[in-house]
1. Given only helices, namely DSSP H runs of n ≥ 4 each adding -39500 (n - 2.57), what is the per-residue ellipticity at 222 nm of chain A, to the nearest 500 deg cm²/dmol?
2. Could you name the lysines whose alpha carbon sits less than 21 Å from that of B:Lys282, not counting residues in the same chain fewer than 8 places away?
3. Take region A:75-134, drop everything but the C-alpha atoms, weight them equally and run the Debye formula without solvent; then report log10 I(q)/I(0) at 0.30 Å⁻¹ to two decimals.
4. Based on alpha-carbon atoms only, what is the radius of gyration of chain B relative to the globular estimate 2.2 N^0.38 Å?
5. Nearest 500 deg cm²/dmol is fine: what mean residue ellipticity at 222 nm does chain B get from its DSSP H runs of n ≥ 4 alone, each adding -39,500 (n - 2.57), divided by its residue count?
6. Cα centroids of region A:172-240 and region A:109-124: how far apart, whole angstrom?
7. Over the whole of B:104-114, what's the average partner chain Cβ count within 10 Å per residue? Rounded to a whole number, please.
8. Please give me the summed charge of the neighbours of B:Pro235: other residues whose Cβ is under 15 Å from its Cβ, Lys and Arg +1, Asp and Glu -1.
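Taken together, the values in this text are just the output of simple stated rules run on the coordinates, not laboratory data. Source: prediction; values computed, not measured. Here the Cβ is made from the backbone with ideal geometry for all residues, glycine too, and neighbour counts use every protein chain on show.
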Amino acid sequence: MNMIRLVYYECVKTFLKKRTYLGFLIILIIVPLVEIAMKIEGGRFTGATLRSLQQDFFFVGNLFNGWIVAHQLMNSLWVHIPLLISFVAGDQMAGEATAGTYRLILIRPVSRTRIFFSKYLTTLVYTIVFVGFLGILSVGLAVALMGTGDLLVFDRGILVLPASDVAWRFFAAYILAGWSMAAVATIAFFFSSFVENAIGPIVATMGMLIIMLILGVLPVEFFQSLQPYLLTSYSSVWTKVFADPVRWDEILTSVIALGSYSLGFVSLAWFIFVRKDILT
Amino acid sequence: MPDSILQTTCLSKQFKKRFAVRNLNLEVFPGDIFGFLGPNGAGKSTTIRMLLTLIKPTEGDVHLFGHSVLKNRHEALKSVGGMVEKPDFYLYLSAVRNLEQVGALQGGTTLKRIFEVLELVGLKERAYDRVKTYSHGMKQRLGIAQALLNDPELIVLDEPTNGLDPQGTKEIRELILSLARDRKKTVVLSSHLLSEIEIVANRMAVINRGELVVQGEVKSLLDAGEHHVIITGSPATRIRKVLASRASNVRSFRKQGEEYHAVMEFGDVPKLVQLLVKSGVKIESVIPRRSLEDYFLSITESSSIA
């Protein structure tokens, strides 16, 4: 059976569901609201950000532009994006169990493995579309409203990236962000594959991320030794492209770690799903 | 006898320590309307879930068209359509979209075929309405439509008349009969109502507490054993006199409360009624009952009390 067709019909199911658009709606409200407010506030926004630095440094020219706004927004939104992603990813399998539609689809002459992976690929499609939408809206609108210019970032110190060197970094940052969110979506998908309501996977995914985040910052030797194994140590991989020079070796390590997380969780979910008795 | 198209061998399912189904051997032949009968909780749905691969058996196997569902699931399910328990769909999608989803999992379908099955179950006019606007009866009919989508040779329906009003029940029953009669489909139909199975099925199996009680031709099973006729009326002395007479052909009888239970052939009932009337008995009721019916009622009642 054609896998592309299965993924297509899974996408039809996902993208015709109202809850799929909740995340898009939130982004569609927050991003223009914040960026228009920043445009109105103008230089006061950068002024507040740089206030502490202005005691030691003297800044020449206008650092307030679309790039810096888009960068700031990317930093602040990534706390909430996993929640919005897990909202749909956590419903992929659990939604079928809740609705009783496993009984409709799993009695067909197509293997559970194919059904499982068509659902997983649909989850990844949703994640990529969502991150892409966020990127296009937040960067596109910020640049349209406030133009371009040099980008001031903090990376082991103050770094000013020239305007001509920024666009590709945003592009690469959103690709890496998509990869990172795919790992989050996979965890939500994993929880979704063995529970019967969609709330559980969302709570479990967020709970897991929060626990890892806390463990990662606690100044306790034992917890610090766990850091290489925590997803949250790698999930902000996209920030690394705003460095000069870009630390590609660190990016590669993070990409492999995130990929391993995705592979591990999707394998475990598959193992559970193909053996599962459908009792709902 | 032709080769069976559905066969279960020593089929068992254990949930923790409890056997939901134990050592079940069923056989369904081409053209059968096979009634799968048992009280609620007898193991019917668990069996049907095993037939359609929703549940893995603890022991035993199911063969559909000669293919094991455990070893060759794809071939086994290729010519099978089914509906398990209540018909659940993607409520936010239309009937057409739902059937497209089902079709995609069967190697694709056409809009023409979707409308054919919707017309067959009388839902063509509501094809593009969201399923959440459908009544229970309409969902039940859509459930049968999805089971027919791939034009299967074998259709497995789990309590398809559950929750329907008498008119809805009659419509589904007629649809099942027409599928077997006009389209030469083999149908496995589970129910907890003997009367329903009696009307539509030619072969049946009775299951209780997960174990097979009896299996065979409906007619021969219902005709086998003793037939009881329950008579109520007055005066009691005259009823007793008629039942005791050789002319009534009653083999034996006993009084149970206000009722007389007579063991006799059903063919002799009209003659018995005639004799009762002639002897001046005011008949209130004469109810023929078969041993299987009594047996089934007894297991149904005992399970509902439990």
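1. Calculated mean residue ellipticity at 222 nm is -22000 deg cm²/dmol.
2. B:Lys241, B:Lys255, B:Lys271
3. Normalising to I(0) and taking log10 leaves -1.25.
4. 1.19
5. Only helices count here, giving -10500 deg cm²/dmol.
6. 23 Å
7. 4
8. Here the charged neighbours net out to +3.
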